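The next block holds one structure in the form of C-alpha cells; read it before the comments.
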Amino acid sequence: MQARNVSKEVVFEPISGYPVLALTILLFATSVFGFIRGGQLHEPSFMVLALGALLLFVLILPGFFIIEPNMGRVLVLFGRYRGTARKPGFWYTNPFTSKKKISLRVHNLNGKTLKVNDLLGNPIEIGAITVWQVSDSAQALFDVVEFEKFVEVQAESAVRFVASKHPYDDDHTAVVASNLRGSADIVAQELQQELQQRLDIAGIHILEARLSHLAYAPEIASAMLQRQQAGAIIAARKLIVDGAVGMVEHALQELSKNSVVHLDDERKATLTGNLLVVLCGHQNPVPVVNTGSLYT
C-alpha cells in the first residue's frame, strides 16, 4: 500500500492590497477617460487604450481578499498549495489563486447523548463537550473530507471507546480503579488524549474534552437506584452500629471505673444487648419497669 502524503501548513505572506487598489483605481479612471476621449475625437487609439485598461482592471480585481481576526485563507494556485495567510488585513495575491476561508477560532462541540455499554456491559447514557481549534489548515482542508464533520464523528467514537473501558460507578469491578461517575478528571484526560490521537490526522488540536451527561439507561435506572439506595442504607447501618458499640463500651467502662454497680459477665451481656437495641433501633424505646431480678 502506498504511504499517504501528509500535508503541512506553510505560512504565506501576501502583499498589501492598498497599493494595488490605487493601481486599479487608476486603470479604471484611464478606461473611462479613454472611452470619453475616443468618443469625442473618434480616435481608435483611445478606444484601444480604454479597452486594455478595462481588461487589466477586471483581471486584477479577483486578487483582493480580506482576512478577519482569527481567520485564515488557504491559497491554491492551479491545484498547487501555496500557503496559508493568517495575518489580518487587506491583501492582494495572484488573481488566479483560489482563496479558501478557514476559521482558526476555538470551536465548541456539544456532543449528542449516546447510549453505550460500560465496562460491565451495563447500558448507560453519556455525552461529552469537546473544545477544539484548527492547528494545521493544510491538513484540515486537504487530508480529510469536511473536517468539522470529521471532528463530530471522531468525538462520538472516542466517547464510546472511553466509556467501554470504565464501569459506571465504584465498587463494581476490581479490574480498573477509576469509574465514570467518580473519576471525572481521569476520564476527561483519557478522552482528550484519545481524541487528540484520532484528530492529529486532520490538524485539529483538542483544548478540552469533558463529560456533560452521565446516567443509567432508562431500562436499568430503577434497579440501579435500588442498588445505590441499598448500599447507602448498609453504610448508614454500619456507621450506627460502630457508634453504638463505642457508646456501650464507654458506658461499661464508666460504670466499672466509678464503681456505680458491679456487673458480672451475664449482666454485662444483658446490658449490652439492651443498649444496642435502644441505640440501633429506628423507633423510640418503650421503658419497662422490672420489679424482679435477672435470675427470677
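None of the figures in this text is laboratory data; all of them are computed from the coordinates on show. Worth saying up front: this structure is predicted, and the values here are computed from it rather than measured. Cβ placement follows ideal geometry from the backbone for every residue including glycine, while neighbour counts extend to all protein chains displayed.
Under the Karplus relation 6.51 cos²θ - 1.76 cosθ + 1.60, θ = phi - 60°, what is the ordered set of whole-Hz ³J(HN,Hα) values for region 73-81, x standing for Gly and Pro?
10, 8, 9, 10, 10, 6, x, 10, 6
Using θ = phi - 60° and the Karplus relation 6.51 cos²θ - 1.76 cosθ + 1.60, list the HN-Hα couplings for region 84-100 in order, rounded to whole Hz, with x at every Gly or Pro.
Karplus-based 3J(HN,Hα) across region 84-100 equals 10, 8, 10, 6, x, x, 9, 10, 9, 8, 3, x, 8, 7, 7, 10, 8 Hz.
Arrange S98, S31, S16 by Cβ neighbour counts within 10 Å, fewest through most, would you?
Lowest to highest Cβ neighbour count: S16, S98, S31.
If I stretch the segment between H213 and E43 completely, what's the gain in nm (0.36 nm per residue apart, minus their alpha carbon distance), one decimal? The partial results should precede the final answer.
Working: separation 170, 0.36 × 170 = 61.20 nm, distance 7.83 nm.
Stretched fully, the H213-E43 segment lengthens by 53.4 nm.
Sequence neighbours fewer than 8 away in the same chain don't count; with that in mind, list the lysines whose C-alpha is under 28 Å from K149.
K8, K87, K99, K100, K101, K112, K115, K165
Please compute the length gained on full extension between D242 and V131, using 0.36 nm multiplied by the number of residues separating them and subtracting their Cα-Cα distance.
Value of the extension gain: 35.2 nm.
Once phi is turned into ³J(HN,Hα) by the Karplus curve 6.51 cos²θ - 1.76 cosθ + 1.60 with θ = phi - 60°, what whole-Hz value does each residue of region 134-142 show in order, with x for glycine and proline?
6, 9, 10, 5, 5, 5, 5, 8, 9
Could you list which residues have their amide H under 5 Å from that of H107, counting only those 5 or more apart in sequence or on another chain, with H placed in the peptide plane?
Residues meeting the amide H criterion: W132, Q133.
Taking a cut-off of 28 Å between Cα atoms, list the lysines near K257, but don't count ones fewer than 8 places away on the same chain.
Once the sequence-local lysines are set aside, what remains near K257 is K268.
Between E249 and K100, what is the FRET efficiency for a Förster distance of 51 Å, r being their Cβ-Cβ separation, to the nearest 0.05? Before the final figure, lay out each step's value.
Details: r = 79 Å, r/R0 = 1.55.
The calculated FRET efficiency here is 0.05.
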